[in-house]
Structures are given as structure tokens and as C-alpha cells.
Amino acid sequence: MTDTTKPAVLFVCVHNAGRSQMAAGYLRAIAGDRIDVFSAGSEPGNAVNPNAVAVMAEEGIDLAGAVPQILTTDAVRQADVVITMGCGDACPIFPGKRYEDWQLTDPAGQPIDVVREVRDDIKGRVEDLVASLA
């Protein structure tokens, strides 16, 4: 799953259709190939939230082809950093991993202005994450 010379980050939310997809999109855009980026959900949805796709497109980040993925124990095991976003106790815990829980509004069913606010919050957190991994 990951190249051992660079850190791997896993973003996890319930449906892997909004917050975790936006965070993964930002991290890929900001870090390029310096960080391996993955996202997953404890109960993945059928598709990425269209408002999340739209607000990320405003930032030049294309999530149109993203597909929600199921959270697996192996994904967590292989990540160096696990960022959870409302998945509660569904995420397995392994010693030696860095875990962060980002308290973010769930964009599901929210108007686009709220989804933009969530996006902007995520962007700042991802920028801080990149700085901490550099």
C-alpha cells in the first residue's frame, strides 16, 4: 500500500463520500508524491457527495472519479497517520500509529455554502498536517 520512504496518511469518515475525500484531494494536491494518500469509510456510500465534488472543483481539485472505499484493518495497519472524521469506534487502533480525530461538520445533505466552509476548514488542517510531516 505504501512506499516505505514516505509517510502514508489514511483519512476515514463514515461514508467516505465527503470529508475524507476532500481531505485526500487536498493532501494529494498539496504534497504531490511526497506522501501516500488513502481514504476509506466504515460504511462507504455509493458515490462522492456532488456538493463536495463541486466545491473541490472550485479549488482545481477533481474528485469526480473518486469512489468510496471500505475501511479495512490492513489500510489502518499500513498507514503512518490515521485521521478520523466522525467514524467513532469503527477505526482499529494499532500501537505506533499517529491518530487524529478532526471534528468537522458532516457535509451530507448540507447546502453548498456549508460544504464550502467544511472544505476550507479541511484545507487548513491538511496544510498543518503537511507541515508536521515535512
### Query
How many percent of the accessible area of the chain is carbon or sulfur, using a 1.4 Å probe?
49
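How high is the relative contact order of the chain, given as a whole-number percent (alpha carbon pairs under 8 Å, six or more residues apart)?
Numbers: 253 pairs, mean separation 40.5, N = 134.
It comes to 30 percent, rounded to a whole number.
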## Note on the structure
One finds the C-alpha centres of the range 1-43 and the range 73-134 to be spaced, in Å, by 9
### Query
How large is the accessible surface per residue of the chain, computed with a 1.4 Å probe and reported in Å² as a whole number?
48
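The values are calculated or read from the model by the stated rules, or taken from the named source; none is laboratory data. Quick caveat, the model's predicted, so the values are computed rather than measured. Surface areas here come from the heavy atoms of the whole protein model, side chains and all, with no ligands, DNA or RNA. Shrake-Rupley method; radii C 1.70, N 1.55, O 1.52, S 1.80 Å.
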